[in-house]
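*Asks:* Below is one structure. I have some questions about it.
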Amino acid sequence: MGYYQRLKDLKEDAGLTQKQVADLIGVSMNHYGKYERGETDIPLEKAIILAKYYDVSLDYLAGLTKSKTSDDEYVLLKLKKADIYHLAVYVSKILNNCDLKDFRKYLKK
């Protein structure tokens, strides 16, 4: 689901009109309609206003997660195996009890 569909769904769930949301974020109704249709990307500062207003995370608003709050779900990152390994090395230095041999085997699969 694209973020533009989330904008429309959140607006409808809140019982608001395009004009009311447009006024809330300081744009014209026509311009806000372009956000909802996916014709124009919504600027971050406008997305933050909406996320706070609707009490949802930016990840939810952007369509990156199904969870409305950031507490309930991890964000999926696309990392290379080498990056994951270096992250694990860093974490193991902090924790001092991580067996990296098994982790290295897993990454080679």
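The values are calculated or read from the model by the stated rules, or taken from the named source; none is laboratory data. Source: prediction; values computed, not measured. Glycine also receives a Cβ, built like all others from the backbone with ideal geometry; neighbour counts cover every protein chain displayed.
*Asks:* Looking for something within 12 Å of the chain's Cα centre (by Cα), surrounded by 15 or more Cβ atoms within 10 Å (Cβ to Cβ) and not polar (S, T, N, Q) - is there at least one such residue anywhere in the stretch 11-28?
*Replies:* No, every residue in the stretch 11-28 fails to be within 12 Å of the chain's Cα centre (by Cα), surrounded by 15 or more Cβ atoms within 10 Å (Cβ to Cβ) and not polar (S, T, N, Q).
*Asks:* Given the stretch 1-53, what helices (runs of 4 or more DSSP H) lie entirely inside it while holding 2 or more residues that are within 18 Å of Lys66 (Cα to Cα)?
*Replies:* 3-13
*Asks:* Only one of (1) at pLDDT below 90; (2) surrounded by 13 or more Cβ atoms within 10 Å (Cβ to Cβ); (3) outside any loop (DSSP other than H, G, I, E, B) is not met by His86, so which one is it?
*Replies:* (2)
*Asks:* Residue by residue through the stretch 17-69, note down the ones that are closer than 17 Å to Gln5 by Cα and among the small types (Gly, Ala, Ser).
*Replies:* Of everything in the stretch 17-69, those that are closer than 17 Å to Gln5 by Cα and among the small types (Gly, Ala, Ser) turn out to be Ala22, Gly33, Gly38, Ala47, Ala51, Ser57, Ala62, Gly63, Ser67.
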